[in-house]
1. With a sphere of radius 10 Å drawn around the Cβ of B:PHE10, what net charge do the other residues whose Cβ falls strictly inside it have (Lys, Arg +1; Asp, Glu -1)?
2. Ordered by residue, what ³J(HN,Hα) values in Hz, to whole numbers, does the stretch A:79-87 give under the Karplus form 6.51 cos²θ - 1.76 cosθ + 1.60, where θ = phi - 60° and Gly and Pro are x?
3. Taking the alpha-carbon distance from B:LYS144 and a cut-off under 18 Å, which lysines remain once sequence neighbours fewer than 8 residues away in the same chain are dropped?
4. I need the fraction of alpha carbon pairs in the stretch B:167-298 separated by more than 23 Å, rounded to a whole percent.
5. At R0 = 30 Å, how high is the FRET efficiency between B:GLU29 and B:ASP104 if r is their beta carbon distance? Nearest 0.05 is fine.
6. Could you work out Rg/(2.2 N^0.38 Å) for the stretch A:4-149, with Rg from alpha carbons only?
7. What list of ³J(HN,Hα) couplings, whole Hz, do you get for the stretch A:9-26 from phi and the Karplus terms 6.51, -1.76, 1.60, once you set θ to phi - 60° and write x for glycine and proline?
8. Write down the Å³ per residue value for the convex hull defined by the alpha carbon atoms of the stretch A:251-297.
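Just so it is clear, none of the values below were taken in a lab; they were calculated from the coordinates. On a predicted model such as this, the values are computed, not experimentally measured, just so you know. Note that we place each Cβ from the backbone using ideal geometry, even for glycine, and neighbour counts take in every protein chain shown.
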Amino acid sequence: MSRLLYPRLPNHFAQELAKSFEDKNVKELSDHHNSSHNEASPSSVGGIPVNESVLVELREKVLLEVKSMGFPETANNLAKQDFDYKIGKLLHKNLNICIGEASRNEVWSFIGCVLMPDIVSWRFPSNQKDRFLGGGRNTFQRLWWRANALYDKSDNDPYHFLKLPEDALVQIMERPNMMSNWELGRAIAKETEKIVQNQNLPTPKDKFWRDACKRIGQRGPIFSYISMSIEELSILAEECFMESLNSIPSYFYYIGDQKKQFGPFSLAEFKKAIADLEPSKTFFAYKGMKNWKPLNEFNDLS
Amino acid sequence: MNSGNISFPFRTTTDSIFGQINWSYTIEENQNFIVTESNKTVVKDWNYNSTIYLSREIEVDYETVIKDCKIPDGTRFNIVTSWFCPNTKTKELININPIQNSEDSSVTLNFEISSEKLSGYFYLDIELVLAVDIPSIDFTASKKTQKLSQTRHQFLLEGNGGQFPTYEVDFGHFDARDACWHLDLDSSDLHSNILNCARLYLNIDKQQFIKDATNSSSLISNIIYWNTAKNIIEAVLENDSYFEDSGNYPENSFGSIADTLVRICFPATPLESIRNLYREDRNKFSTKILGTFETYYE
C-alpha cells in the first residue's frame, strides 16, 4: 500500500498561526480549524498526496475520541493521560505515513496549526507555540513517534508502553542516539514498566529510570548496541535498572526500641547493613512508605 | 585509549584497520557505482522515491588489531555495519561478519536503504567488536560487543540535508514584495538540528534570482551563504548559553554548525574576542566573515 503524503506548512506560516493562537480558547480554535491551507502542499514525490476527505475523517476520529474524554470541557490529568495513549494509538493506526514523511516538521505543523488547533489547545491549554508547531513537542508528532518506536508486537496491546509516565517516555524518546535503536528503546520501556508496576519500591520512582537511562547512555560509546540480540539488550537494560535500584539511597532501618534511625542507604548498602541484624527486632522503611515494617517483611527486589 | 571524542576504558585501534577502500553508491539500480572520496558525501538528485544502493569492501588488518588492542591471537571479532538516520530516528543493522584470523578478515557489503526510511542525511557506521567474552588483562577489552574501532561516513541527501529547507513563496506575506530572499532562523535551542531551525524563503516573483540562488556555484548563492553564516554567528554571540556549551553540541545541531562557522571565519580567535569585535566594531566583524566567502569573481 502506498504511503500518504500530508500537506506541509512552511515554518514561517506555522509560526504566524501559532502566535495568533496564543489568546484563543478551544471554542475559538474550533471555528478556526481547516482541512487545507493556501501555503501548505504535500511533497511532489514519494507517495500519494492525501485527499482532503481523509483529513476530515481523521479529524472526526480524533474528535470522537476526545469527546469521550470530556472535550471541549477543561481536561483533567486523567483525561490528558488517556489522550496521549488513545490518540497516539489512533494516529499510528490511521495516518499511514512513512517515517521519512513523519520526520518532516512541516507535516505536523499543518496538523497542529490547521487541522486540529482546538484539540492542541484542549490538551495543552497554555497554548504554547511549540505544541502547535512541528518539532519534538508537537502535540501529535510526539505521540506518533512514541507509538511507532515503542510498538510492541509481542503484546496483546502493542501500544501498552504509551501508558508509561510522561517523564519516563521523555527519558526514552529524547535520547536520539540511543532510541534510534528501537529494540533498545523497547527493552528500556519494558524495565520502566516493571518499575512503575512494582508496589514495593521507594517513591517517587522517576529517579530510577532517569539514572538507568544515563547508565545505558554512558555505555553506548563502548558497547555496540546495534549488534546485540534482543535478549542481550534486555539483559543490558535489566542490569542498568538493577544498578540504579542498588545505588540510589532510599532505605532506612532502626533496631528494637532504639530511637536512632540509620539511612538513607542504597538497596545494596542496605542489604549489607542488615545482614547481621535480627529481623524480628529490626524495622525498615523506604522513601514513600507510610509506616515502618519488621525486617522479616523486607522484599528483596533483586 | 582514545577514539575521536570518546575515552575508552580499554585499548582500541585506529579506523585505518578497515582498509583503504571507500564506500560506493548509486541511486539508480544497475547503474555504475560512484566511489566516495571523503567521509562526507553529497548524494545528488536524491528524492523520496530514490532507494540508495551501497557497496564497500572491508578488509580488516587483523594483525594490527591484535597488536594495538593487546588481545590474544585467534580471538574472534565481528565487523558490524549499520546505518543511522537522526531525522527518522532509525538505526538498522546491515551486517555482522565474523573474523578470526588474517586469512579470513574481509567482507564485501552490498545493500540498499529504502527511501522511505531516510530524510536529510544518514550515517554508515562500521564497528569492530569483540565476538566473545575473553579474560581481561592490562586494560584490554574483554566483553562481547565491546568496540575496538569504529568509522563513520555521512551521506547528505541533496535537496534535504545538503542545504536548509528552501521555499519559494509570495513575499507579500513578509510585506516586502521586492526582497529576494528571507532567512528565518530560530536560535532558541542550540541543540536542535539545524534543519529544524533554519528556513530560506525565496521570492516566487523573482524566478531568475531563484535560478541563481539554487545554483551552488553562483555568486548569489555565495552571498546568501555569507548572509546565513553571519546571522548564525550573530545569533550565538547573543546567546550566553553558547559560551558555556561551545564545542559540545550534537552533530548538525545549530550550536555545532555555529562552532564550525566560527572556526572557519575567525580561526584561532577566542570566543570572547569575537564577541567583543561584534559588539564594538560591527562593520569589521561583518567584513571578516565576508572575507571567508567567495563573493566576487576574478
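1. The answer is +3.
2. Whole-Hz 3J(HN,Hα) from phi for the stretch A:79-87: 5, 5, 5, 4, 4, 4, 6, 6, 6.
3. B:LYS70
4. Working: 3322 of 8646 pairs.
Cα-Cα pairs in the stretch B:167-298 separated by more than 23 Å: 38 percent.
5. Numbers: r = 31 Å, r/R0 = 1.03.
Calculated transfer efficiency: 0.45.
6. Dividing the Cα radius of gyration by 2.2 N^0.38 Å gives 0.95.
7. Listing the rounded values in order: 9, x, 3, 4, 6, 5, 4, 4, 5, 4, 5, 6, 7, 3, 9, 9, 9, 4 Hz.
8. Cα-based convex hull of the stretch A:251-297, divided per residue, equals 70 Å³.
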